[in-house]
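Here is the structure we will look at, set down as structure tokens.
Every number here is computed from the coordinates shown, using simple stated rules; none is lab data. Just so it is clear, the structure is predicted and the values come from calculations on it, not from any experiment. Every residue, glycine among them, receives a Cβ derived from its backbone with ideal geometry; neighbour counts consider all protein chains shown.
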Amino acid sequence: MNSEKIKTAVIGASGYTGQELLRLLAMHPAVELVAVTSRQEAGRDLVSVFQRLAGAPSVEGLAFISPDIDAIVEAGPKVAFLALPHGVASEYAIPLLERGVRVIDLSADFRLRSAAVYEEFYGHAHPAPALLDEAVYGLPEFYRDELPSAKFVASPGCYPTGVLVPLVPLLKKGIVKLRGINVSSLSGVSGAGKKTEVSLLFAEVNESLRAYGAPKHRHLSEMEQELSLAAGSEVTITFVPHLMPVNAGILTTIFCEPEGDFSDLSGRVGAAMEECYGESPFVRILGEGGFADTKNVVRTNFVDVGWVIDRRAGRLILSSAEDNLGKGAGSQAIQSFNLMNGLPETCGLLNF
């Protein structure tokens, strides 16, 4: 590993995803944090805002600054993470890229390849359509070869990660039918971001489980794009997200109809998973009869995948679990960072 540390900035570091990025980057052996921005916390010492970072030498004396492009660039980062809302990230991605900073964007601004689809799902014109073709989709398990040379990475959404990891290998091999795929996902409350809304108050969320965002959640566009690319044909799915009363974690259940004979279905599924993820350190295959559990992945970069076969109903049922702030956001972005910088893929991420 190169002994010279990589100067790194985090733009929008006071939200839940930014906080998780800081936690992981503060412990990363190849990272030197040189700029951390927050409008509301500008001027305050990092440790005074996030006391859990006290004692980490890499953040000692580091303070939040305002998100000013000149100030960020002056700090000398080689890579900048954008932990910003969609529609805002492009305001920083464009000038940073122009000034030679590699960018990993955790917003939804550059995940889609079509500006028209973005406008359909996000309700406004894309802020920088010319950059859509430049962004590499930052799901390392599928785009590992493109990431080392990438200047600009669009890190995936949390829900899409939990859907794509189980389904893509099967669609590539023609193991499941393209129609009739139904997905149910349950997410911890941190997935909604750090904001004040009545529906997210403790008394509203505690002892409650509810669906939202159906039938056209924004992440659906991202899922269908990548599933269609894997299948080589248009894939349309039904997706229903739910809010569950935990801080973090996503559990996803996928119902699909298999192609071919049921007699060797589990073997074909297992072989496809092994071929796709045999060299992937953060995908853990539980096999047939394995049900993923969020308690096993929260605060890690792992995604667990299992499946069962419902012969009576003629369905293959897949399950996955991930941390929405980890593999669904911050730690996955660092996984891409590692590959972009010639580091071991697991560097700074093998926390259990």
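What list of ³J(HN,Hα) couplings, whole Hz, do you get for region 266-271 from phi and the Karplus terms 6.51, -1.76, 1.60, once you set θ to phi - 60° and write x for glycine and proline?
Values per residue, Gly and Pro as x: 4, x, 5, 5, x, 5 Hz.
P(r) for the chain: what percent of alpha-carbon pairs falls in each 20 Å bin, starting at zero?
For the chain, the pair-distance distribution reads 31, 59, 11, 0.
Out of all Cα-Cα pairs in region 159-322, roughly what percent, to the nearest whole number, are more than 19 Å apart?
55
At 222 nm, what helix-only mean residue ellipticity would the chain give, in deg cm²/dmol to the nearest 500, using -39500 (n - 2.57) for each DSSP H run of four or more?
Value at 222 nm, helices only, nearest 500: -8000 deg cm²/dmol.
Using amide H atoms built in the peptide plane, which far-off residues or other-chain residues are under 5 Å from GLU32 H to H?
Result for GLU32 returns ILE6, LYS7, THR8.
What pairs from LYS194/LYS327; LYS7/LYS151; LYS78/LYS295; LYS151/LYS295; LYS173/LYS295 go past 27 Å between their alpha carbons?
Table pairs above 27 Å Cα-Cα are LYS78/LYS295; LYS151/LYS295; LYS173/LYS295.
Rounded, prolate or oblate: pick one for region 128-196, where a ≥ b ≥ c are the square roots of the eigenvalues of its C-alpha gyration tensor, a/c under 1.5 means rounded, and failing that, prolate if a/b is larger than b/c, else oblate.
oblate
Please express the Cα-Cα pair-distance distribution P(r) of region 1-147 as a list of whole percents, one per 10 Å bin, running from 0 to the bin with the greatest distance.
The calculated distribution, bin by bin, is 11, 39, 34, 14, 2.
Determine the dipole magnitude for the chain: charges of +1 sit on the beta-carbon of Lys and Arg, -1 on that of Asp and Glu, nothing else is charged, the reference point is the Cα centre, and the result goes in debye to the nearest 20.
Magnitude of the dipole: close to 460 debye.
Relative contact order of the chain, please, whole-number percent, based on alpha carbon pairs below 8 angstrom and at least 6 residues apart.
17
Give the separation of the Cα centroids, region 280-351 to region 208-222, in Å.
21
So if each residue of separation counts as 0.36 nm, and I subtract the Cα-Cα distance between PHE262 and GLU98, what length gain in nm does that give?
Gain in length upon complete extension: 53.7 nm.
Compute the distance from the alpha-carbon center of region 33-84 to that of region 188-205, in whole Å.
Between the Cα centre of region 33-84 and that of region 188-205, the gap is 26 Å.
With point charges of +1 on the Cβ of Lys and Arg and -1 on the Cβ of Asp and Glu, referenced to the Cα centre of region 159-322, which listed residue (GLY249, GLY174, GLY290) lies farthest in the positive direction of the dipole?
GLY249
Taking amide H atoms as placed 1.01 Å from N in the peptide plane, list the residues 5 or more away in sequence, or in a different chain, whose amide H sits under 5 Å from that of PHE239.
The list, which skips near neighbours in sequence, is VAL183.
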